[in-house]
Each structure stands twice: as structure tokens, then as C-alpha cells.
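The block underneath contains the structure these notes are about, expressed in C-alpha cells.
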Amino acid sequence: MSEKKQRKVKNYLLDRRFQLKYTGMVLLVTIAVASVLGYVAYDFSRGQTEAFTAQLAAQPDLDPDTASDLEELAQQEDRKVRNAIVAGVVLMTLALGFTGIIVTHKVVGPAYRMKRLFAHVGEGHLEVNTGIRKGDELQELYHSFAEMVESLRDQRTEDIERLEATVVRMEAAGVQSAYVTELRAVLDRIRKSVD
């Protein structure tokens, strides 16, 4: 029974520059919007506290200790609102940062694999010997690339058959030259690209 390969954090950052750049952009927008909204909410809370304090001051028959306690309670609520906003922004930033890395990994992983496939095909190997994971992005692009390579492989196979038949006819006709030998060598090299 095979063990499932353990993922490490560095495996999620295949293209650090790209992934951190776009995750950072999302985080900056999130922090900016959440901070503005948080400031508005905190400012509203403080406004309510100031209005409450003004109402307390307008009541001359209220015990000063009670008024002080009520004022302190209102200020504690302001601090709770501020702390909740800060904690919410921090938690949202962490959650979106983690999500950004995961989401960009689903794009970068297939792009990384396809880059290696491009190099493999560029070396003359007309085969796609690996796939991309289910759930990754760029599935359609990968399948289009695999179909293109298979089409090239089919064309190359047809060309090999035609060249082989031509060389056989030339040899059967008694043509003995360095060109036939060179053509045979080229044919063997081309044949290796589809084997």
C-alpha cells in the first residue's frame, strides 16, 4: 500500500514571486477595505458613547459614581468594538492569505508541470508522460496541449512510414550512396522521438 505524499509549505510556493505578489494584492485590498469599514464602525461606536455621556451629563439627579461607572462601561464597549475589529481584520487577513496561496498553487502547479512538458517536447520527445491533478486549474489548456502533442506524434509517425518506404524503395532499386545512409540515420533519429 502506498503512502500519500506529505505536502510541505514550500511545495505550495512553487512560484514564490507570482503567488506572493497576487496573494499580497488581495491582502492589501482586504486590509484597506476592512480598515475603512472598521474605522467607520468604531467611529460610530465612539459617537454613541459621546452621545450617551452627554445624556448622562444632562441628568443632574444622577449619582456621580453611577454616571462614572456608566461612562466607563460605555468606553469598555468601545474598546471591545475596536479589539473585535482588529481581531477580525487579522483573522480575515490570515484566512485570505492562506486561501490565496492555495488558490494560486492550483494555477502555478499545472503551469510548472506544463513548463517541464514544453521542455520535454522541445527536446524532441513527442509524448505527454504526466498529467495534472484533479481539481487543478488549466485542465483545458493541458488537454489541448496533450492533444496537440498526440497530433504531432501521429504526423511524425506517418512521415516516418513514408520515409521508410522511400528508403526501402531506393535500396531495392540498388541506390547505394552516402545520402541513403544519411537518410537512414535521420530516419532513426526521428523514430526515437515517437518511441
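The values are calculated or read from the model by the stated rules, or taken from the named source; none is laboratory data. Not measured: the values here are computed from a predicted model. Backbone-built Cβ (ideal geometry, glycine too); neighbour counts: all protein chains shown. Note: areas computed on protein heavy atoms with side chains; ligands, DNA, RNA excluded. Shrake-Rupley method; radii C 1.70, N 1.55, O 1.52, S 1.80 Å.
Just to confirm the number: angle between the C-alpha axis of helix 16-57 and the first principal axis of the chain, 0 to 90 degrees, nearest 10? Between the helix axis and the principal axis of the chain, the angle is about 10 degrees. Computed from Cα positions, the angle between helix 178-192 and the longest principal axis of the chain comes to roughly 30 degrees.
With contributions of -39500 (n - 2.57) from each DSSP H run of at least four residues, the per-residue ellipticity at 222 nm computed over the chain stands at -28500 deg cm²/dmol. Annotation: the range 1-106 has a Kirkwood hydrodynamic radius of 17.4 angstrom, from the mean reciprocal C-alpha pair distance.
Annotation: Cα Rg of the chain relative to the compact-globule expectation 2.2 N^0.38 Å equals 2.13.
Averaged over its residues, the range 63-180 has an accessible area of 67 Å² per residue, based on protein heavy atoms and a 1.4 Å probe. Taking GluC sites (Glu not before Pro) across the range 101-189, the ones in a DSSP loop with at most 12 further Cβ atoms lying within 10 angstrom of their Cβ are Glu123. Rounding to the nearest 10 and keeping the result within 0 to 90°, find how far the Cα-based axis of helix 139-172 lies from the longest principal axis of the chain. Tilt relative to the chain: about 10 degrees. The heavy atoms of Tyr142 offer some 20 square angstrom of accessible surface to a 1.4 angstrom probe.
Annotation: for a label point projected 7 angstrom from Cα along Cα→Cβ of Arg162, residues of the range 124-153 with backbone N closer than 20 Å are 126, 148-153. All C-alpha to C-alpha distances of the range 111-162, sorted into 10 Å bins beginning at zero, yield P(r) values of 24, 51, 19, 5, 0 percent in whole numbers. Once all protein chains are placed together, Thr157 keeps about 50 Å² accessible to a 1.4 angstrom probe. Note on the range 29-90: with neighbouring protein chains present and a 1.4 Å probe, carbon and sulfur make up 62 percent of its accessible heavy-atom surface.
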